[in-house]
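Please read the structure below before turning to the comments.
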Amino acid sequence: MPLLSTLRGLHVVCPGEIPGELAVVTRPQTWSVGISRAEAFDDVSRLLGSFEILEDGPSVTSALVGLCSEVMVGGRQIHDANILATMLAHGEHRLLTFNGADFRRYGDRIELVDG
């Protein structure tokens, strides 16, 4: 996973994102050149071995409810809000993303690191 070398200093993964990653990369129609299931699970294993996992729990749920009452989000945007709530509940404020536009609505709550 060449991306790992660019992520030094960023050390967190939200657990709910791992199933999402597997769902996307193992769906053949998503990629013009798909990867095998074995490659997908190997990538996730390296990811899990390289980063701290921020666990979900009551503090994340509370942060999510508070965040959604402050920022206009709904539908699929709740998934992004949950990522942010997980980060904030654990005191993390830097987010590496390949889609910064989805997170700009959260303003100065986080620092976006472009992927």
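Brief remarks follow.
- Mean-position separation - Cα centroids, region 84-115 and region 48-65, in angstrom: 14
- The trypsin sites (Lys or Arg not before Pro) found in region 66-106 that occupy coil by DSSP, while having at most 12 further C-beta atoms within 10 Å, are R76.
- Restricting region 26-115 to GluC sites (Glu not before Pro) in coil, as DSSP defines it, with at most 12 other Cβ within 10 Å: E55
- If you sort the three axes of the alpha carbon gyration tensor as a ≥ b ≥ c, you get a/c of 1.5 or more for region 17-90 and a/b no higher than b/c, which makes it oblate.
- Packing around the peptides 77-86, 56-65, taken as the average count of other Cβ atoms within 10 Å per residue, puts them in this order, highest first: 77-86, 56-65.
- Near-label residues of region 72-115 by backbone N, under 12 Å of a point 7 Å along Cα→Cβ of D56: 79-80, 82-83, 86
- Whether region 58-114 is rounded, prolate or oblate, judged on the alpha carbon gyration tensor where a/c under 1.5 counts as rounded: oblate
Values in this text are rule-based calculations from the coordinates and carry no lab data. On a predicted model such as this, the values are computed, not experimentally measured, just so you know. Don't worry about glycine lacking a Cβ; one is built from the backbone with ideal geometry, like all the others, and counts go over all protein chains shown.
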